[in-house]
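Visitor: My questions will all concern the structure given below.
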Amino acid sequence: MIRSALMNVMTAAALKAGRGLKRDFGEVENLQVSIKGPGDFVSAADRKAEKVLYEELAKARPGYGFVMEESGTVEGTDKTHIWYIDPLDGTTNFLHGLPIFAISIGLARDGQIVAGLVYNPVTDDIYVAEKGQGAYLNNRRLRVAARRNMAEALIGCGIPHIGKQADHPKFKAEFAAVMARVANLRRLGAAALDLCFVASGRYDGFWERGLKSWDMAAGMLIVREAGGFASDAEGGPDFLTKGSVCVGNEFIHSQLLALIRAAG
Ligand code: IPD
Ligand code: CA
Ligand code: CA
């Protein structure tokens, strides 16, 4: 486990925000059957969790900047540090009562991600990594899967939703190309956790386009610190700005990358 002061700060903030999310998730199950549904309630839960994260992190590290999904960007007086925060990754799952969602906190120093934490408050799984310190799930050191053969690989992906019609043809082409070559595909609906599932060797690889920095800042470091290769979907290092990711061990990463590049 990583026991740095920084990780203590991140963990405390995530646990505090996670308590609220867990309570609200319980309530969603009751609202599920009402005609109005839990929509507004979920947005409120989301914003509440972000407020807790913002307050806790700003108190512990005054001056750091923030890039947050719900409240946008807050310029810091310390220009070298930026928090990337997604208070609820996997909103659609949360809304439908599926316990696959997480809080994601990434910290960049001079444009490089140096710390990441992804926390699922329902399963109580905390994935953490600091640059050069390895990646952990609770107290267990993480390592990406060793499989090299694509025909045996379980690969995760992200499917563009109905509002992103323009991205559908490209995704269909990539999906068809990968489906023809791997054991099977999964779409779990929380990119931060998808990345952690590669870091923990559950998935052999994962790719997705159209993500935001707060979806993947933490998870990409966690994959790398678990010995994985993590790039944008063109194989470069610009995932934070391009919003695309491709990850896996060295062998799966290169084969997956070749498939999606050829399909595009
Ligand atoms: C979404 C999830 C989903 C991914 C979407 C993201 P949200 O984040 O990570 O897996 O496919 O692109 O927007 O909206 O649940 O925080
Ligand atoms: Ca997200
Ligand atoms: Ca979110």
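The values are calculated or read from the model by the stated rules, or taken from the named source; none is laboratory data. Just so it is clear, the structure is predicted and the values come from calculations on it, not from any experiment. Note that each Cβ is placed from the backbone with ideal geometry, even for glycine, and that neighbours are counted across all protein chains shown. Protein only, heavy atoms only, side chains kept; ligands, DNA and RNA dropped before computing areas. Shrake-Rupley method; radii C 1.70, N 1.55, O 1.52, S 1.80 Å.
Visitor: Modelled with pLDDT of 95 or more, away from ligand 2 (no atom under 16 Å from the Cβ) and either open to solvent by less than 30 Å² (accessible area, probe 1.4 Å) or outside the structural domain of GLU70 (by TED's automatic domain parsing) (or both): which single residue out of PHE197, PHE206, PHE171 fits that description? Before you say what the answer is, go through the steps one by one.
Guide: Numbers: PHE197 fails: away from ligand 2 (no atom under 16 Å from the Cβ); PHE206 fails: away from ligand 2 (no atom under 16 Å from the Cβ).
Only one candidate passes the filter, namely PHE171.
Visitor: Only one residue in ILE100, ILE113 is open to solvent by 10 Å² or more (accessible area, probe 1.4 Å), within 16 Å of ligand 3 (Cβ to nearest atom) and closer than 22 Å to VAL144 by Cα, so which one is that? Outline the logic, then answer.
Guide: On the way: ILE113 fails: within 16 Å of ligand 3 (Cβ to nearest atom).
Criteria check complete, one pass: ILE100.
Visitor: A further question follows. Select from the range 221-264 the residues that are surrounded by fewer than 17 Cβ atoms within 10 Å (Cβ to Cβ) and more than 22 Å from LYS131 (Cα to Cα) and list them in ascending order.
Guide: Passing the criteria: GLU234, SER254, ALA258, ARG261, ALA262, ALA263, GLY264.
Visitor: For the range 26-33, check the following and say yes or no: at least one residue is part of a helix (DSSP H, G or I), within 22 Å of LEU193 (Cβ to Cβ), open to solvent by less than 10 Å² (accessible area, probe 1.4 Å) and not polar (S, T, N, Q).
Guide: Our first condition is that a residue be part of a helix (DSSP H, G or I); within the range 26-33, this holds for 26-31.
Add one more test, that the residue is within 22 Å of LEU193 (Cβ to Cβ), and what stays is 26-29.
From what is left, the residues that are open to solvent by less than 10 Å² (accessible area, probe 1.4 Å) are 28.
Still in the list and also not polar (S, T, N, Q): 28.
Yes.
Visitor: Which ones in the range 174-194 are within 16 Å of ligand 2 (Cβ to nearest atom) and not acidic (Asp, Glu)? Please lay out each step first, then the result.
Guide: Here is the first cut: in the range 174-194, the ones within 16 Å of ligand 2 (Cβ to nearest atom) are 187-194.
ARG187, LEU188, GLY189, ALA190, ALA191, ALA192, LEU193 - these are the residues of the range 174-194 that are within 16 Å of ligand 2 (Cβ to nearest atom) and not acidic (Asp, Glu).
Visitor: Inspect all residues belonging to the range 145-155 and state whether any of them is assigned by TED's automatic domain parsing to the domain that holds ALA218 and within 17 Å of the chain's Cα centre (by Cα).
Guide: The answer is yes; a qualifying residue exists.
Residues checked against (1) in contact with a Cys (Cβ under 9 Å, 6 or more places away or on another chain); (2) farther than 17 Å from SER4 by Cα; (3) within 16 Å of ligand 3 (Cβ to nearest atom):
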position	(1), (2), (3)
ASN139	no, no, no
ILE159	no, yes, no
MET179	no, yes, no
ALA192	no, yes, yes
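Visitor: Name every residue in the range 64-92 that is open to solvent by 40 Å² or more (accessible area, probe 1.4 Å), within 11 Å of ligand 1 (Cβ to nearest atom) and under 20 Å from LEU117 (Cα atoms), in order of residue number.
Guide: Pass one, the range 64-92, residues open to solvent by 40 Å² or more (accessible area, probe 1.4 Å): 69-71, 73-75, 77-80, 82, 91-92.
Then drop every residue that is not within 11 Å of ligand 1 (Cβ to nearest atom), which leaves 69-70, 91-92.
Matches in the range 64-92: GLU69, GLU70, THR91.
Visitor: Related question: Just the residues that are open to solvent by 70 Å² or more (accessible area, probe 1.4 Å) and within 20 Å of ARG187 (Cα to Cα), please, taken from the range 148-166. I'd like the intermediate steps shown before the answer.
Guide: Of all residues in the range 148-166, those open to solvent by 70 Å² or more (accessible area, probe 1.4 Å) come to 148-149, 152, 159, 161-162, 165-166.
GLU152, ILE159, HIS161, ILE162, GLN165, ALA166, listed by residue number.
Visitor: Could you list, ordered by first residue, the pairs with Cβ atoms under 7 Å in which the first is in the range 83-94 and within 11 Å of ligand 2 (Cβ to nearest atom) and the second is small (Gly, Ala, Ser) and assigned to a strand (DSSP E or B), at least 6 apart or interchain?
Guide: Partner pairs satisfying both residue conditions: TYR84/GLY106; TYR84/ALA108; ASP86/SER104; ASP89/ALA102; ASP89/SER104; GLY90/ALA102.
Visitor: Does SER43 count as polar (S, T, N, Q) and modelled with pLDDT under 95? First the steps, then the outcome.
Guide: Values: polar (S, T, N, Q): yes; modelled with pLDDT under 95: yes.
Against the criterion (polar (S, T, N, Q) and modelled with pLDDT under 95), SER43 qualifies.
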